[in-house]
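Here is the structure we will look at.
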Amino acid sequence: MDSNDSLTAGLDTAVQPTATAPAAPALPPASQAVSRRNFLLSAGAAGVAAPAFAAAAASVVSATQSRRNAGAAVPVSLNVNGQARQLSLDARTTLLDALRDHLQLTGSKKGCDHGQCGACTVLVGGVRVLSCLTLAVAVREPVATIEGLARADGTLHPMQQAFIDHDAFQCGYCTPGQIMSAVACVQEGKATDERQIREYMSGNLCRCAAYPHIVAAIVAAKSNMPSIS
Ligand code: FES
Ligand code: FES
C-alpha cells in the first residue's frame, strides 16, 4: 500500500453499504404516488365541487322555472280613469302596453320605451310615472291617463284647453305626456314661475321644440285647475 492507498482506505470503507443496513422502501411509480399535497388538493376540490355543482344545478332549475313562468298570465286589477278593469297579463307587461294594447287607451304614447322621453307619462295615485318603466302588475293606485282628463260632457281640462290656446304642440306626439306631466307639475306646486316649470317639465321632451308655448300654456292653466287623482 502506497501513501495514496493509505489516505483513501478509510474513506472507501465508510461509503460502502454494509450487509446489515436497512433496505430503503420501494417507492410507487410517480404516476401513482399520493403526496400530502395531492391528497389535500383532491379532497378540497371534492369538497368545493359538490356544493358548487348543487348550486349550479339549482340555478338551472330556477332559471328554467322562471322561463316557464315568464309567459304565464296573471290576473291584474287596475283602476283606470275611475273604472275598474280586470286583465289577464303576462307578468312582464308594462303599464303602457296594458293601457295601449289591452285597454285600447292609445293616448299615452310610446316614444322611446326606455324612460327617456316622457311621452308615456300617466298619473298613478296622482303622481306622474313613466308607464313604459312601470309593470302593470305592480300598480295599486288609480291610474289617470289623457283620456280621463276631460269631463264626461266633453269639456276639456284647463290644461288641454291652454295647450290649444297657446299652440303648445306641432306634431302632437309628445302632447299627452306633456299635458299629464303639466297637470302633475301644477298639483305638485312646482309651477310657480317659468324657470321652475322648465325644470320640472324637463323629463318631457318635444322634438318639435314647442317648449316656449308649453310653458306659456302651463302658466295660463295653473290658476283654474281642478285637482284630479
Ligand atoms: S316611452 Fe316612456 S319615457 Fe319614452
Ligand atoms: S309636438 Fe311634436 S314632439 Fe312635441
Put in order of increasing Cβ neighbours within 10 Å, starting from the fewest, SER131, SER181 give SER181, SER131
With a Förster distance of 41 angstrom and the Cβ-Cβ distance between SER223 and ARG140, calculated FRET efficiency to the nearest 0.05 equals 0.80
To the nearest 20 debye, region 73-224 has a Cα-centred charge dipole, built from +1 on Lys and Arg Cβ and -1 on Asp and Glu Cβ, of 160
Listed by chain and number, the lysines with an alpha carbon less than 18 angstrom from that of LYS190, same-chain partners under 8 positions apart left out, are LYS222
Among ALA84, THR134, LEU156, the residue whose Cα sits farthest towards the positive end of the charge dipole of region 73-224 (+1 at Cβ of Lys and Arg, -1 at Cβ of Asp and Glu, taken about the Cα centre) is THR134
Fewest-first ordering of ASP90, ASP153 by Cβ atoms within 10 Å yields ASP153, ASP90
Highest mean packing first, using Cβ neighbours within 10 angstrom, the peptides 185-192, 82-89 sort as 185-192, 82-89
Taking max minus min of the Cα coordinates of region 73-224 on each principal axis, largest first, gives extents in Å of 45, 34, 27
Quick calc: nm separation of the 7 Å Cα→Cβ label points for ASP90 and GLN161 -> 4.3
Placing each pseudo-label 7 Å from Cα in the direction of the beta carbon, ASP101 and ASP153 end up separated by a distance in nanometres of 4.0
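Values quoted throughout were computed directly from the atomic coordinates according to the rules given, and no laboratory measurement underlies them. This structure is a prediction, so every number in the text was calculated from the model and none was measured. Note that each Cβ is placed from the backbone with ideal geometry, even for glycine, and that neighbours are counted across all protein chains shown.
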